[in-house]
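Heads up: the structure comes next, in structure tokens.
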Amino acid sequence: MAVDRHFTSTGFLVRDDRVLLVNHRKLRMWLPFGGHIEPGEDPVQALHREAREETGFDIEVVGERPEIRQRWLHVLPAPETILLEDIEPGHVHIDLIYFVRPVGGVQRLAASEHSEMRWFDRQALCDPALTDDVRRLGARAIDRMEHAGPPSSVQSAGERSNPMEAAVDKRFTSSGYLVRDGKVLLFNHRKFRMWLPFGGHIEPNEDPVEALHREAREETGFEIEIVAEAPVIDQPGVHVLPAPETLLLHEIGDDRALVDLVYFVRPVDGTVRPTNAEHRRMGWFDREALRRPDIRDNVRLLGTQAIDRMEGLHGA
């Protein structure tokens, strides 16, 4: 049976060591704010919109971003984790989870969707009536805010580093920096004429990790392992996916963009595959080779970070 997978963005909003939850009228449970990523939106645009509509707050996403300054490329905050949620037979949400804090606005209940809104501290999050994902991720969000720096000025969708309008057609992709023996595998793309990691579009029946594994087999010949931490959540119908290292928004012409979920991976089986119709050449690049002038800044930085990550792993 074909499964409809739809991307959503969800935010655990924290203020004064408490997380804001809403009681959903239809689902009859306490949840963080969030909703569908509409056509033309990226995950962070959707998150800001949902925050204003459901809570009344303007928000700031708390998370590190790599410093990449490159034309046609915008760095988005990476989600803390991704949850694959079985909503009903044949229908799944790919939920990108963010930790956020309010930087403006006034608290407001979206009465048409929610019956109640409440702030939960750590003790209140222990309530067994809450689902395991809400309990665990809510507590992690409070912990994260205790170590976060001071908030920036009020942010809105137009004030973030991504100036692209929501009307632009945005498609989701998964990319992987594959590292072996201190080198990262890159391909020289025939169409774009540049060195890139493997990756491609997330098909309608795939989640980001399924797409990444498929693209790895098709483009590299390897079976891969994603190097990323994931929270342990014991809940029927909820599956935890590894979170990407970062999200990159690539402008493709005036009316299209790619929302690229970038992962660091290593091979666990298989043999490198000869170049296919999409690629002119392939090569393994160490840190020195990544400094070549024909390597774009984002590939140089993320490729180097991927090598560093693998060297820091026990037994890598």
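The values are calculated or read from the model by the stated rules, or taken from the named source; none is laboratory data. Note that this is a predicted model, so its numbers are computed, not measured. Note that each Cβ is placed from the backbone with ideal geometry, even for glycine, and that neighbours are counted across all protein chains shown.
So which residues in region 92-110 are under 12 Å from Gly56 (Cα atoms) and out of contact with any helix residue (DSSP H, G or I) (no Cβ under 9 Å at 6 or more places or on another chain)?
Scanning region 92-110 gives Val103, Gly104, Val106.
Condition first: touching a strand residue (DSSP E or B) at 6+ places or on another chain (Cβ under 7 Å), small (Gly, Ala, Ser) and more than 27 Å from Glu85 (Cβ to Cβ). Now tell me which residues in region 220-279 satisfy that.
Gly221, Gly270
Would you pick out the residues in region 188-207 that are surrounded by fewer than 24 Cβ atoms within 10 Å (Cβ to Cβ) and under 26 Å from Phe7 (Cβ atoms)?
His189, Lys191, Phe192, Leu196, Gly199, Gly200, His201, Glu203, Pro204, Asn205, Glu206, Asp207
Out of region 182-218, which residues are in a loop (DSSP other than H, G, I, E, B), within 28 Å of Glu288 (Cα to Cα) and of a type in the set (A, V, I, L, M, F, W, C)?
Correct list: Phe192, Met194.
Being in contact (Cβ under 8 Å) with a residue 24 or more places away in the chain, touching a Leu at 6+ places or on another chain (Cβ under 8 Å) and not polar (S, T, N, Q) is true for just one of Arg69, Arg108, Arg65. Which residue is that?
Arg65
Quickly run through region 245-275 and pick out the residues that are assigned by TED's automatic domain parsing to the domain that holds Val209 and touching a Pro at 6+ places or on another chain (Cβ under 8 Å).
Once the filter is applied, which keeps residues that are assigned by TED's automatic domain parsing to the domain that holds Val209 and touching a Pro at 6+ places or on another chain (Cβ under 8 Å), region 245-275 yields Val259, Leu261, Val262, Tyr263.
Looking at region 140-156, can you tell me whether even one residue there is in a loop (DSSP other than H, G, I, E, B), loosely packed, with under 13 Cβ neighbours inside 10 Å, at pLDDT below 90 and of a type in the set (A, V, I, L, M)?
No, the conditions are met nowhere in region 140-156.
Residue check: is Ala51 within 21 Å of Glu203 (Cα to Cα) and of a type in the set (A, V, I, L, M, F, W, C)?
No: the conditions fail for Ala51.
From the list Arg291, Arg287, Arg281, exactly one residue is basic (Lys, Arg), in the same structural domain as Leu185 (by TED's automatic domain parsing), modelled with pLDDT under 95 and surrounded by fewer than 16 Cβ atoms within 10 Å (Cβ to Cβ). Which is it?
On the way: Arg291 fails: modelled with pLDDT under 95; Arg287 fails: modelled with pLDDT under 95.
Unique residue meeting the criteria: Arg281.
Of the conditions (1) modelled with pLDDT under 95; (2) in contact with a strand residue (DSSP E or B) (Cβ under 7 Å, 6 or more places away or on another chain); (3) not β-branched (Val, Ile, Thr), Ala211 fails just one. Which one is it?
Condition not satisfied by Ala211: (1).
Restricting attention to region 9-17, does a residue exist that is modelled with pLDDT under 95 and either closer than 17 Å to Leu248 by Cα or out of contact with any helix residue (DSSP H, G or I) (no Cβ under 9 Å at 6 or more places or on another chain) (or both)?
For region 9-17, residues modelled with pLDDT under 95 and either closer than 17 Å to Leu248 by Cα or out of contact with any helix residue (DSSP H, G or I) (no Cβ under 9 Å at 6 or more places or on another chain) (or both): absent.
Working only within region 1-39, note down all residues that are among the β-branched types (Val, Ile, Thr) and either in a strand (DSSP E or B) or within 23 Å of Arg101 (Cβ to Cβ) (or both). Outline the logic, then answer.
Start the filter on region 1-39 by keeping residues that are among the β-branched types (Val, Ile, Thr), which leaves 3, 8, 10, 14, 19, 22, 37.
Correct list: Thr8, Thr10, Val14, Val19, Val22, Ile37.
Filter the strands (runs of 3 or more DSSP E) completely within region 40-116 down to those with at least 2 residues that are farther than 19 Å from Gly138 by Cα, outside the structural domain of Asn298 (by TED's automatic domain parsing) and within 21 Å of the chain's Cα centre (by Cα).
So the answer is 73-76, 81-88, 91-105.
Would you please name the residue that is nearest to Thr131 (Cα to Cα), looking only at residues in region 208-241 that are surrounded by 15 or more Cβ atoms within 10 Å (Cβ to Cβ) and without any contact (Cβ under 8 Å) to a residue 24 or more places away in the chain?
Step by step, filter region 208-241, then rank; the result is Glu210.
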